[in-house]
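Report on the structure given below.
The values are calculated or read from the model by the stated rules, or taken from the named source; none is laboratory data. In this text, all values refer to a predicted model and were calculated from it rather than measured experimentally. We place every Cβ from the backbone using ideal geometry, glycine too, and count neighbours over all the protein chains shown. Protein only, heavy atoms only, side chains kept; ligands, DNA and RNA dropped before computing areas. Shrake-Rupley method; radii C 1.70, N 1.55, O 1.52, S 1.80 Å.
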Amino acid sequence: IISELKNQIDVLLKGKGNTYNYNQNIIIQPFGKENVSYIKDTFVNNLINEGAIHCIPKLLKHIHFNDKHIENHNIKIPNKKKSVAQIYNGLEWEYTDKQRTINNMADKALHIINEHTDGSNKYMEELTDKITENNRDVIKKISKDTELMILNHQEILKE
């Protein structure tokens, strides 16, 4: 019986095959220090052509919730009813004022857009002027669209 059991163990061990474990460490960038080197002029111009007021939330989605750039997944809104967001500061997740954080994101996106365009798009110039003049309706629309974009895509952080 012992001899038969040893033979069965040998057969099982031979049939098991090799097991490989792969570990992938991802270093999340601190909020405000995202990798944006992959953003090209053509991408930004295509966003603007889809609508100047919508290009800011779309660019922010491309930065913070891009499947190919997991290192930029550094913001979330834990409760849509509260006025706080969570950002990764390089060491840990910390709570911040949601509106101020969204405004900072929008400012950064507008700066990136201006870097990648030659200033010949009149719709983008009008949008920039309205933001500079603190047009409440435009700022509120961009802020609301950005908040909704974060809420709709932050589930990717759990994966």
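Observations
- Residues being in a helix (DSSP H, G or I) and either at pLDDT 95 or above or small (G, A, S) (or both) - total across segment 41-56: 1
- Which listed residue, of I56, I70, is in contact (Cβ under 8 Å) with a residue 12 or more places away in the chain and open to solvent by less than 60 Å² (accessible area, probe 1.4 Å): I56
- Flag for D107 being part of a helix (DSSP H, G or I), charged (D, E, K, R) and without any contact (Cβ under 8 Å) to a residue 24 or more places away in the chain: yes
- Segment 75-91, residues that are part of a loop (DSSP other than H, G, I, E, B) and on the phi < 0 side of the Ramachandran plot: I77, P78, N79, K80, K81, K82, S83, N89, L91
- Every test in (1) open to solvent by 80 Å² or more (accessible area, probe 1.4 Å); (2) in contact (Cβ under 8 Å) with a residue 40 or more places away in the chain; (3) of a type in the set (D, E) is passed by E115 save one, and that test is (2).
- Across segment 96-138, the qualifying residues are those that are over 16 Å from the mean Cα position of the chain (by Cα) and among the β-branched types (V, I, T), and the one among them that is farthest from A52 (Cα to Cα) is T96.
- If you go through segment 11-40 and keep only what is in a helix (DSSP H, G or I) and open to solvent by 80 Å² or more (accessible area, probe 1.4 Å), you end up with V11, L12, L13, K14, K16.
- Matching residues, segment 57-74, being outside any loop (DSSP other than H, G, I, E, B) and out of contact with any Ser or Thr (no Cβ under 7 Å at 6 or more places or on another chain): K58, L59, K61, H62, I63, H64, I70, E71, N72
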